[in-house]
Amino acid sequence: MAPGETANSDAPMRVLVIDDDRKLCGLIQEYLEPLGYKVTLTHTGPDGLEAAKSGEFDVAILDVMLPGMDGFDVLKELRKDSDLPVLMLTSRGDETDRIVGLEIGADDYVPKTFSTRELLARLRAVTRRAGRQGERSAAKSDDVETIHVGPLRVETASRTAYIHEALVELTPLEYELLVALSRAVGRVLSRDQLMDKIAGREYDVFDRSIDVHVSSLRRKLGDDPKSPRYIKTVRSVGYMFLSPDDRDA
């Protein structure tokens with residue numbers, strides 16, 4: 001498969017870049033298009049949001065600092081009705097920016113000091129994840145299950161989760177993380193295992209964004225990492241989803 005092709009089509013991958021740094025946009029376009037990607041550039045928050053919601057793109061690269069509407073607001077509006085994969089650009093390498101972006105629905109992040117190789121790897125990872133999610137959705141009639149762990153219920157048919165019948169609002173990636181953990185109750189999953197299950201990443205073994213997603217998932221489950229009811233951190237290894245017996249012990 002050529003670098004810019006989708007998993008299910010010979011059509012080039014359609015990339016939307018939303019950034020007011022026109023020089024950087026040009027560099028991204030010059031790098032990706034010879035590899036077979038079709039790149040469209042927008043330079044304001046409102047224009048980027050309109051383009052992202054059009055359904056014409058396979059992935060978006062979204063800057064945090066934008067005129068008219070910042071990247072976080074663009075992402076919040078987009079996530080109301082779209083699962084378009086989003087790779088966020090952070091100009092300052094600010095951990096707060098990364099955490100906020102991931103918690104409100106970004107699929108991954110990359111600092112503006114990225115190498116072209118890193119950008120390509122992360123683009124491939126988020127689009128591969130989206131493709132696998134689409135394949136699972138298409139086949140969900142053959143893979144329907146309900147996962148019960150204490151008061152938690154996960155419905156794979158509808159991709160929803162409930163605690164005591166109250167809906168837990170999750171991003172697509174948080175849902176995949178919850179399913180992976182809850183299917184392995186009582187077993188420790190390493191960060192690499194979790195990355196493979198939810199993203200299929202093949203780069204940057206020191207990437208810690210998985211910890212940010214776990215932190216966000218814990219918050220939405222009402223879990224306390226110091227006294228966990230659901231997700232236990234196993235130091236230097238990974239995470240374990242606790243069984244009711246373990247929680248009561």
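Listed by position, the helices (runs of 4 or more DSSP H) enclosed by the range 157-249 that each have at least 3 residues that are buried (at least 17 other Cβ atoms within 10 Å of the Cβ) and either under 20 Å from the mean Cα position of the chain (by Cα) or at pLDDT below 85 (or both) are 172-182, 191-198, 209-221.
The numbered conditions (1) in contact with a Phe, Trp or Tyr (Cβ under 9 Å, 6 or more places away or on another chain); (2) modelled with pLDDT of 90 or more; (3) assigned to a helix (DSSP H, G or I) are all true for V154 except (3). In the range 105-132, the qualifying residues are those that are within 16 Å of P12 (Cα to Cα) and in contact with a Leu (Cβ under 7 Å, 6 or more places away or on another chain), and the one that is modelled with the highest pLDDT is L123. Annotation note: Cβ proximity below 6 Å between a residue of the range 108-125 that is within 17 Å of K38 (Cα to Cα) and a residue that is surrounded by fewer than 18 Cβ atoms within 10 Å (Cβ to Cβ) and not aromatic (F, W, Y) (sequence gap 6+ or interchain) occurs for no pair.
Suppose we keep only residues that are of a type in the set (D, E, K, R), under 15 Å from the mean Cα position of the chain (by Cα) and not in a helix (DSSP H, G or I) within the range 83-122. Which one would you say is surrounded by the most Cβ atoms within 10 Å (Cβ to Cβ)? If we take residues in the range 83-122 being of a type in the set (D, E, K, R), under 15 Å from the mean Cα position of the chain (by Cα) and not in a helix (DSSP H, G or I), then D107 is surrounded by the most Cβ atoms within 10 Å (Cβ to Cβ).
Residues checked against (1) under 15 Å from G105 (Cα atoms); (2) hydrophobic (A, V, I, L, M, F, W, C):
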site	(1), (2)
L32	no, yes
T40	no, no
T44	no, no
D47	no, no
D70	yes, no
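The values are calculated or read from the model by the stated rules, or taken from the named source; none is laboratory data. Here the structure is a predicted model, which is why all the values come from computation and not from measurement. Quick reminder, even Gly has a Cβ in these numbers, built from the backbone with ideal geometry, and neighbours come from all protein chains shown.
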